[in-house]
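The values are calculated or read from the model by the stated rules, or taken from the named source; none is laboratory data. Please read these numbers as outputs of a predicted model, since none were measured by experiment. Glycine also receives a Cβ, built like all others from the backbone with ideal geometry; neighbour counts cover every protein chain displayed. For the accessible areas, the whole protein counts, side chains as well, though only heavy atoms, and no ligand, DNA or RNA atoms are used. Shrake-Rupley method; radii C 1.70, N 1.55, O 1.52, S 1.80 Å.
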Amino acid sequence: DLLLAVSKDPAMIRWLDNETNVRGKANENYARELFELFSLGEGNYTEEDIKEAARAFTGWHLRDEEYAFKRIYSDIGEKEVFGKKGRFLGEDIVKMVVAHKASAPFLARKLLAFFVHPEPKKSEVDALAKVYLAKKRNIGDTVRVLLRSQLFFSDRAYRSMVKSPADFVVGMVRSM
(Lines give C-alpha, C1' and ligand atoms only; values in the text may rest on other atoms or scores of the structure.)
Protein backbone atom coordinates (compact mmCIF):
# COMPACT_ATOMS: atom_id res chain seq x y z
CA ASP A 1 0.00 0.00 0.00
CA LEU A 2 2.84 2.39 0.84
CA LEU A 3 4.64 1.77 -2.46
CA LEU A 4 1.40 2.31 -4.35
CA ALA A 5 0.81 5.60 -2.50
CA VAL A 6 4.38 6.74 -3.17
CA SER A 7 4.06 5.65 -6.81
CA LYS A 8 1.05 7.90 -7.29
CA ASP A 9 2.71 10.86 -5.58
CA PRO A 10 2.54 13.91 -7.87
CA ALA A 11 6.21 14.70 -7.29
CA MET A 12 7.19 11.19 -8.42
CA ILE A 13 5.05 11.43 -11.52
CA ARG A 14 6.52 14.80 -12.44
CA TRP A 15 10.13 14.03 -11.38
CA LEU A 16 10.19 10.80 -13.39
CA ASP A 17 8.52 12.30 -16.48
CA ASN A 18 5.49 10.05 -16.40
CA GLU A 19 3.31 12.84 -17.77
CA THR A 20 5.00 12.18 -21.12
CA ASN A 21 4.22 8.45 -20.87
CA VAL A 22 1.43 7.77 -23.37
CA ARG A 23 0.12 4.81 -25.36
CA GLY A 24 2.30 4.13 -28.40
CA LYS A 25 5.21 6.16 -27.01
CA ALA A 26 5.99 4.73 -23.58
CA ASN A 27 8.54 6.60 -21.47
CA GLU A 28 10.62 4.04 -19.53
CA ASN A 29 12.01 6.45 -16.92
CA TYR A 30 9.29 5.90 -14.30
CA ALA A 31 9.33 2.09 -14.50
CA ARG A 32 13.14 1.93 -14.52
CA GLU A 33 13.54 4.12 -11.42
CA LEU A 34 10.70 2.36 -9.59
CA PHE A 35 12.44 -0.97 -10.13
CA GLU A 36 16.05 0.12 -9.65
CA LEU A 37 15.95 2.84 -6.98
CA PHE A 38 12.79 2.17 -5.01
CA SER A 39 12.00 -1.53 -4.95
CA LEU A 40 14.22 -4.18 -6.53
CA GLY A 41 17.71 -2.92 -7.26
CA GLU A 42 19.84 -3.60 -10.32
CA GLY A 43 19.89 -7.07 -11.82
CA ASN A 44 16.44 -8.12 -10.64
CA TYR A 45 14.54 -7.24 -13.81
CA THR A 46 15.13 -7.26 -17.55
CA GLU A 47 15.01 -4.51 -20.14
CA GLU A 48 11.82 -6.14 -21.46
CA ASP A 49 10.30 -5.90 -17.96
CA ILE A 50 11.05 -2.17 -18.02
CA LYS A 51 9.55 -1.65 -21.47
CA GLU A 52 6.40 -3.60 -20.64
CA ALA A 53 5.99 -1.96 -17.21
CA ALA A 54 6.38 1.47 -18.83
CA ARG A 55 3.39 0.60 -21.02
CA ALA A 56 1.41 -0.25 -17.87
CA PHE A 57 2.17 3.17 -16.39
CA THR A 58 0.83 5.04 -19.43
CA GLY A 59 -2.08 7.21 -18.38
CA TRP A 60 -0.64 8.03 -14.94
CA HIS A 61 -0.73 11.81 -15.15
CA LEU A 62 -1.55 14.86 -13.05
CA ARG A 63 -4.63 17.06 -12.89
CA ASP A 64 -4.42 20.16 -10.68
CA GLU A 65 -1.22 18.80 -9.09
CA GLU A 66 -2.93 15.53 -8.06
CA TYR A 67 -2.63 12.00 -9.44
CA ALA A 68 -5.15 11.40 -12.22
CA PHE A 69 -5.51 8.33 -14.40
CA LYS A 70 -6.22 9.34 -17.99
CA ARG A 71 -7.57 6.30 -19.81
CA ILE A 72 -7.21 8.00 -23.21
CA TYR A 73 -3.40 7.81 -22.80
CA SER A 74 -3.36 4.32 -21.30
CA ASP A 75 -2.06 1.21 -23.08
CA ILE A 76 -4.55 -1.50 -22.11
CA GLY A 77 -2.97 -4.18 -24.32
CA GLU A 78 -1.40 -7.39 -23.05
CA LYS A 79 2.02 -7.08 -21.45
CA GLU A 80 4.59 -9.50 -20.04
CA VAL A 81 6.37 -8.49 -16.83
CA PHE A 82 8.45 -10.81 -14.62
CA GLY A 83 7.32 -13.72 -16.79
CA LYS A 84 3.61 -13.06 -16.24
CA LYS A 85 1.23 -12.05 -19.02
CA GLY A 86 -1.86 -9.90 -18.71
CA ARG A 87 -3.53 -6.59 -19.40
CA PHE A 88 -1.62 -4.96 -16.58
CA LEU A 89 -2.07 -1.37 -15.44
CA GLY A 90 0.27 0.55 -13.14
CA GLU A 91 -1.35 -0.71 -9.93
CA ASP A 92 -0.80 -4.29 -11.09
CA ILE A 93 2.89 -3.62 -11.68
CA VAL A 94 3.30 -2.10 -8.21
CA LYS A 95 1.70 -5.20 -6.67
CA MET A 96 4.02 -7.43 -8.71
CA VAL A 97 7.04 -5.42 -7.59
CA VAL A 98 6.06 -5.72 -3.92
CA ALA A 99 5.57 -9.48 -4.32
CA HIS A 100 8.90 -9.92 -6.16
CA LYS A 101 11.45 -12.01 -4.26
CA ALA A 102 14.05 -9.21 -4.50
CA SER A 103 11.85 -6.57 -2.87
CA ALA A 104 12.17 -7.82 0.74
CA PRO A 105 16.00 -7.83 0.88
CA PHE A 106 16.14 -4.57 -1.08
CA LEU A 107 13.84 -2.82 1.38
CA ALA A 108 15.56 -4.40 4.38
CA ARG A 109 18.95 -3.10 3.18
CA LYS A 110 17.52 0.40 2.68
CA LEU A 111 15.92 0.45 6.15
CA LEU A 112 19.07 -0.81 7.85
CA ALA A 113 21.26 1.68 6.01
CA PHE A 114 18.93 4.53 6.97
CA PHE A 115 18.31 3.65 10.63
CA VAL A 116 21.21 1.49 11.81
CA HIS A 117 24.43 1.33 9.81
CA PRO A 118 25.36 2.60 6.35
CA GLU A 119 26.73 -0.83 5.36
CA PRO A 120 24.54 -3.55 6.85
CA LYS A 121 25.76 -7.16 6.90
CA LYS A 122 24.06 -9.76 4.75
CA SER A 123 22.88 -11.61 7.85
CA GLU A 124 21.22 -8.41 9.12
CA VAL A 125 19.54 -7.83 5.76
CA ASP A 126 18.31 -11.41 5.62
CA ALA A 127 16.94 -11.25 9.17
CA LEU A 128 15.05 -8.00 8.58
CA ALA A 129 13.75 -9.27 5.23
CA LYS A 130 12.29 -12.27 7.10
CA VAL A 131 10.62 -9.90 9.57
CA TYR A 132 9.17 -7.88 6.70
CA LEU A 133 7.73 -11.02 5.11
CA ALA A 134 6.42 -12.29 8.47
CA LYS A 135 4.69 -8.93 9.00
CA LYS A 136 2.95 -9.40 5.64
CA ARG A 137 5.11 -6.73 3.99
CA ASN A 138 3.91 -4.03 6.37
CA ILE A 139 6.63 -1.38 6.52
CA GLY A 140 5.35 0.25 9.72
CA ASP A 141 5.41 -3.04 11.62
CA THR A 142 8.85 -3.86 10.20
CA VAL A 143 10.32 -0.49 11.24
CA ARG A 144 8.76 -0.88 14.69
CA VAL A 145 10.56 -4.23 15.12
CA LEU A 146 13.82 -2.75 13.81
CA LEU A 147 13.75 0.26 16.14
CA ARG A 148 13.14 -2.00 19.15
CA SER A 149 15.80 -4.53 18.18
CA GLN A 150 19.18 -5.08 19.80
CA LEU A 151 20.75 -4.28 16.44
CA PHE A 152 19.43 -0.70 16.62
CA PHE A 153 21.11 -0.25 20.02
CA SER A 154 24.27 -2.26 19.23
CA ASP A 155 27.84 -1.02 19.52
CA ARG A 156 28.20 -1.41 15.77
CA ALA A 157 25.29 0.96 15.16
CA TYR A 158 26.34 3.50 17.80
CA ARG A 159 27.71 6.60 16.04
CA SER A 160 27.92 4.82 12.71
CA MET A 161 25.71 7.34 10.95
CA VAL A 162 27.43 10.49 9.77
CA LYS A 163 25.15 13.50 9.56
CA SER A 164 24.90 15.34 6.29
CA PRO A 165 26.02 18.99 6.40
CA ALA A 166 22.37 20.09 6.23
CA ASP A 167 21.41 17.82 9.17
CA PHE A 168 24.38 19.11 11.14
CA VAL A 169 23.49 22.78 10.58
CA VAL A 170 19.80 22.23 11.39
CA GLY A 171 20.82 20.42 14.59
CA MET A 172 23.10 23.30 15.56
CA VAL A 173 20.39 25.89 14.93
CA ARG A 174 17.87 23.87 16.98
CA SER A 175 20.27 23.57 19.90
CA MET A 176 20.85 27.33 19.97
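Anything in the stretch 1-34 that is over 20 Å from K79 (Cβ atoms) and not small (G, A, S)? List them, or say none.
D1, L2, V6, D9, P10, M12, R14, W15, E19
With the condition kept exactly as written, say whether any residue in the stretch 55-78 is part of a helix (DSSP H, G or I) and either under 30 Å from A129 (Cα atoms) or open to solvent by less than 60 Å² (accessible area, probe 1.4 Å) (or both).
yes
Test V81 against the criterion of being closer than 30 Å to G59 by Cβ, surrounded by 21 or more Cβ atoms within 10 Å (Cβ to Cβ) and under 16 Å from the mean Cα position of the chain (by Cα), and give yes or no.
So V81 fails the test.
Kindly indicate the residue of the stretch 142-153 that is over 13 Å from Y132 (Cα atoms) and without any contact (Cβ under 8 Å) to a residue 24 or more places away in the chain and also surrounded by the fewest Cβ atoms within 10 Å (Cβ to Cβ) among those meeting that condition.
Filtering first and then ranking leaves Q150.
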